[in-house]
Structure formats: C-alpha cells, structure tokens
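Participant: Got a structure for you, written out below as structure tokens; questions coming shortly.
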Amino acid sequence: MMSRAAEVTLAFGGEERLFRLPIGRIRALQEKTDCGPMELIQRFTTGRWRVDDVRETILQGLIGGGLSTHEATQVILGHFDDTPIFPHVTIAQAIVASAVIGVEDEALGESAAGVGTNSRSRDTSSASAPSTEPEPS
C-alpha cells in the first residue's frame, strides 16, 4: 500500500523530520536544479548529483513537510552546510522518490521482524519438484 500523502519521515539533523514535496515544492525544486524529479532520482542513483540537487531537495522537503522557509533554512544551515554532503544524498533521493513513487505504509499490527508473515520455504510452498537434487550426505 502506498502513502497517499507522498511524504516520508527521515532522520535529519539529529531528529526525525517530515519531508514532503507537493507540486509547488517540486516546481521550486525544478527551478533550483534545472531538472525534473525523475532526472534528480537518476542523478542521485548514478552519482552525478550536484550540491544544490541535494541541498534544495532537503530544503524544499522540509518546507513541504511543514516548516516555514526561515525554519527550514536554519535547519539546513545547522545540519547541511559545512558538513560532508555524501551522507545526505540518500535522504534527498528518498524525499524525491516519496513524491514521485510513494512509500509503502507499514500495515498495522506488523512488526519489523515480520510477525504474521508466512515463513514457509519455497520447497514447502511450491507444488513443483525441486529443480536440483539435494547432495548426498
């Protein structure tokens, strides 16, 4: 199930923060980076990103997530500028991906350990014979 709000909560600046890129924020991001969201995702995944691709994505995501422009800028100044940039690339990529693709909502009552999931192996869940014979003991 995908998030209908196209938002994601990520750790940034020492705390969990809400990031969201509604259409207005995506347009602002396009202006600042001179490319669309899918090109940004491609830049992030291929390592061809620019500093402002990362910085502006996080800034616009913070504003879209509810911070004022002033508050978001202060967060960026304190936790992005003058810090290594590379650790922030995955955050920026997740922000854009949540706006374009969405993020999976965690189903209620399920834990991260997979409680309630079917844990049978392929051999026991398949009606087909195994493709290779087991090795002799």
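The values are calculated or read from the model by the stated rules, or taken from the named source; none is laboratory data. Note that the structure is predicted; figures quoted are calculated from it, not measured. Positions of Cβ are backbone-derived with ideal geometry, glycine not excepted, and every protein chain shown enters the neighbour counts. Remember, those area values only see protein heavy atoms, side chains included, never the ligands or the DNA or RNA. Shrake-Rupley method; radii C 1.70, N 1.55, O 1.52, S 1.80 Å.
Participant: Can you tell me which residues in the stretch 79-104 are part of a helix (DSSP H, G or I), open to solvent by less than 20 Å² (accessible area, probe 1.4 Å) and touching a strand residue (DSSP E or B) at 6+ places or on another chain (Cβ under 6 Å)?
Facilitator: Those that are part of a helix (DSSP H, G or I), open to solvent by less than 20 Å² (accessible area, probe 1.4 Å) and touching a strand residue (DSSP E or B) at 6+ places or on another chain (Cβ under 6 Å): Ile95, Ser98.
Participant: Still on this structure, I have one more. Name the residue, out of Val8, Val54, that is farther than 15 Å from Ser98 by Cβ, among the aliphatic types (A, V, I, L, M) and crowded, with 16+ Cβ neighbours inside 10 Å.
Facilitator: Of the residues listed, the single one that is farther than 15 Å from Ser98 by Cβ, among the aliphatic types (A, V, I, L, M) and crowded, with 16+ Cβ neighbours inside 10 Å is Val54.
Participant: Out of the residues in the stretch 12-29 that are of a type outside the set (Val, Ile, Thr) and part of a helix (DSSP H, G or I), which is surrounded by the most Cβ atoms within 10 Å (Cβ to Cβ)?
Facilitator: Within the stretch 12-29, the match that is surrounded by the most Cβ atoms within 10 Å (Cβ to Cβ) is Leu29.
Participant: Quick check on the stretch 30-46: of everything there that is over 16 Å from the mean Cα position of the chain (by Cα) and not hydroxyl-bearing (Ser, Thr, Tyr), which residue is most open to solvent (accessible area, probe 1.4 Å)?
Facilitator: Glu31
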